[in-house]
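Step one of this worksheet: look at the structure below.
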Amino acid sequence: MPTELPRYRQPVLPIEERIADLLARLTLEEKIDQLHQCGVGDTNPNNLAARADEFRPTYGSFILNGAEPDLALRNALQRRCVEESRLGIPAIFGCDVIHGYRAILPIPLAQACAWDPELLRRQCALAARLARAHGVDWTFAPMVDHCVDPRWGRVAETFGESAWASSVHAVAAVRGYQGDTPGGPDSIAACLKHFAGYGASEGGRDYSFTAVPDQQLWEDHLPPFAAGVAAGALTVMSSFNDLNGVPTTAHRRLLTDVLRTRWGFDGLVVSDWNGVLQLLNQGFAADESEAAQRALLAGVDLNMADGLYRAHLPALVRAGAVPPAAIDEAVRRVLRVKFRLGLFERPYVEPSALSGAAPTPAHLALCHEAALRSAVLLKNDAATLPLRTVRRVALIGPLAEDGAALLGSWAQQGRADETPTIAAALRERLPAGTELVVAPGCTIDGAGTAGFSAALAAVAAADAVIVCAGEAATMSGENASRTSLRLPGVQEELLLRVAAAAQGKPLALVLITGRPVELERVEPVYPAILAGWQLGSAAGAALADLLLGRAAPSGRLAITWPRTSGQIPLYHHERPRARRGREGEYQDAATTPHFAFGHGLGYTTFRHGPIRLSAGEVAAAGTVTAEIEVENTGDREGRETVLWFIHDPAASRTRPLRELRNFESAVIPAGGRRIFRWEIVPARDCSFPDEDGRRILEPGEIIVGVGGQRVSLRVV
Ligand code: NOJ
């Protein structure tokens, strides 16, 4: 008689039944091992104190970061979990797949500037497919933190400063990574991080205290997480910050009351790297045992890296300080994700043509499309760009021949040597007969000016000048805070000298950065400025195409671009001041941004007709349609993005002067027209949360705006 499989091994049974069966078979130690996650192979430089942990086949999860992903190692470790542990529970392998995998896509801040959730979904789906082929089951992305302080290096990993747009992007990213049904052959689990308030790090210093009033928490920080949970994200990562005096790694109100009870999230919460141990540094636990107890009871299921759960939970349970039911609940959540991913049925990743292979032309085509769409043309006086055909182009600046900088932070498997630089891409594209002279002038952050003279000589001999300035990849991302947004090193000086030497020749600045940078002194002397962020594997090609007019820029800023660091925080959704007009403005500088949220130029021009509402009044439960006709008045096709804002001029909580509530982007042929429509649902679009997160819709006036236009709508 064939022996019947244990119930947890029977795929036909409901997942909850399989979990209950498995839980009943596990010893306390085996359960706690399921709550442990450690690194294997390489790790990244920010995961401090990484050690080659002693491997045990009963551990719940492993991190598979590093430059050289090893599918064979992953499968070998998995085989040991499945074959050498008593109950054969597969491990789940996680990795920071943040903006691509080997084929590197633009950084998230740049991706958001394309205002195209479907394009973002496709990018995340590609990253998932490539990561999956290298043994990854789970990415620690998307990061949906809200940040209005670009000194914080991780601003590069955000989807910009609008909570509403970040929510839309969170949903698109979850769908991209996880596919239609979790566990599909080309999909991986997503992880919404970092929960919550991490982007409010004081002074832009990483890992710091964050003071976030509840009203702001519900308005700006929590919506993208709520949206991602509703979209089915399988996992959430707690953050590093101390939120108003309670580190989020031990924040029961957030991790349990809000996330689980209110939003119904039933996936797993993983701590951030050493987050449980760091409760000691933060002064929230007297010893390691207390740290483990606090984190587990708050709602952290999986303990990343520090091993405190393994070290202390067994004794805590025996001493009655942690109820066995709390352990069971955490294990249940970890197992639920594994069952949902189908890891019990398919623990191994079969090598495929993608495993270990270089990016294919099709992958690079998507990198290229995304890069083209993510760059933002900040300024283009006298149609300096696209560059006309000339005899000799001088390409100046330390970013001209730097492939690594184009990839940005968290580009672990990206290869600088496979990434064409801006110089290489231009050289390939310039017409025969046009000479390209490259002179870096200086290094990114060195003090040396010895290279200036060669750069200035190249400028003097050229008919057109392109300058590539910015940051190294390591200057943004995690643990990359700066006190100021000034260009590092002597770059600003080089830029000013080059502009003076260019003497009316076509002159364009290309910025390669993970954040906005100060352009106060530079902007007045540069007729054209292109924010080229860190656009990934095809950055060089895309930027060259944009400069030469083989494609037109269409990105719009997803973040406000300040004039000086002293203006920080500066963002589009500011609330009205008590005194209007000039009162309260800075005495020593403008109060306005250098480039506003939503700003971005192209190579054509658009005329916006008036905003039309289908009715001037709308019932709370009704809908009303807003429309605007846009005409392409130029002689070349172009992409226009319409950003719809609202303002509630008198409410029971003060409301921002502009709140983004809808956006749409479309290509309009030369001379063509297109009507952009927004169906306004008051309960969704005109309401706001109170300090406890309950949404309020108040009758009264709502201003609907696009660009400089405003119309009035009455909610009755
Ligand atoms: C620390 C970072 O804060 C987090 O975003 C990342 O996912 C983990 N390390 C794992 O690498």
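The values are calculated or read from the model by the stated rules, or taken from the named source; none is laboratory data. All values derive from a computational prediction rather than experimental measurement. Note that we place each Cβ from the backbone using ideal geometry, even for glycine, and neighbour counts take in every protein chain shown.
Between a first residue in segment 190-205 that is away from the ligand (no atom under 14 Å from the Cβ) and a second residue that is among the aromatic types (Phe, Trp, Tyr) and in a strand (DSSP E or B), which pairs have beta carbons less than 8 Å apart while being 6 or more apart in sequence or on different chains?
As it stands, the answer is Glu202/Phe209, since those pairs meet every condition given.
Quick grid of which residues meet (1) surrounded by fewer than 24 Cβ atoms within 10 Å (Cβ to Cβ); (2) modelled with pLDDT of 95 or more; (3) within 16 Å of the ligand (Cβ to nearest atom):
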{"site": "His146", "(1), (2), (3)": "no, yes, yes"}
{"site": "Trp164", "(1), (2), (3)": "yes, yes, no"}
{"site": "Ala170", "(1), (2), (3)": "no, yes, yes"}
{"site": "Gly183", "(1), (2), (3)": "yes, no, no"}
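When you check Ser476 against the structure, is it assigned by TED's automatic domain parsing to the domain that holds Leu530 and under 29 Å from the mean Cα position of the chain (by Cα), yes or no? If you could, list the steps in order and put the result at the bottom.
Numbers: assigned by TED's automatic domain parsing to the domain that holds Leu530: yes; under 29 Å from the mean Cα position of the chain (by Cα): yes.
Against the criterion (assigned by TED's automatic domain parsing to the domain that holds Leu530 and under 29 Å from the mean Cα position of the chain (by Cα)), Ser476 qualifies.
Which ones in segment 249-302 are in contact (Cβ under 8 Å) with a residue 60 or more places away in the chain, surrounded by fewer than 18 Cβ atoms within 10 Å (Cβ to Cβ) and either in contact with an Asp or Glu (Cβ under 9 Å, 6 or more places away or on another chain) or not in a helix (DSSP H, G or I) (or both)?
If the condition is that a residue be in contact (Cβ under 8 Å) with a residue 60 or more places away in the chain, surrounded by fewer than 18 Cβ atoms within 10 Å (Cβ to Cβ) and either in contact with an Asp or Glu (Cβ under 9 Å, 6 or more places away or on another chain) or not in a helix (DSSP H, G or I) (or both), then Asp266 is the only one that fits.
What number of residues within segment 237-248 satisfy the criterion of being outside any strand (DSSP E or B) and more than 15 Å from the ligand (Cβ to nearest atom)? Steps first, answer last, please.
Within segment 237-248, the subset outside any strand (DSSP E or B) is 239-241, 244-245, 248.
Next, from what is left, pick out any that are more than 15 Å from the ligand (Cβ to nearest atom): 244-245.
Matching residues across segment 237-248 total 2.
Among the helices (runs of 4 or more DSSP H) lying completely within segment 32-134, list those that include at least 1 residues that are modelled with pLDDT under 95, away from the ligand (no atom under 15 Å from the Cβ) and of a type in the set (A, V, I, L, M).
Details: elements: 71-84, 108-112, 117-132.
Hits in segment 32-134: 71-84.
Just give me the residues in segment 303-350 being outside any helix (DSSP H, G or I), among the aliphatic types (A, V, I, L, M) and more than 16 Å from the ligand (Cβ to nearest atom), in sequence order. Break it down into steps so the answer makes sense when it comes.
Kept after step one, since they are outside any helix (DSSP H, G or I), are these residues of segment 303-350: 303-307, 319-323, 341-350.
Those still in the list that are among the aliphatic types (A, V, I, L, M) too: 304-305, 319, 321-322, 341, 343, 349.
Ala319, Ala321, Val322, Leu341, Leu343, Val349, listed by residue number.
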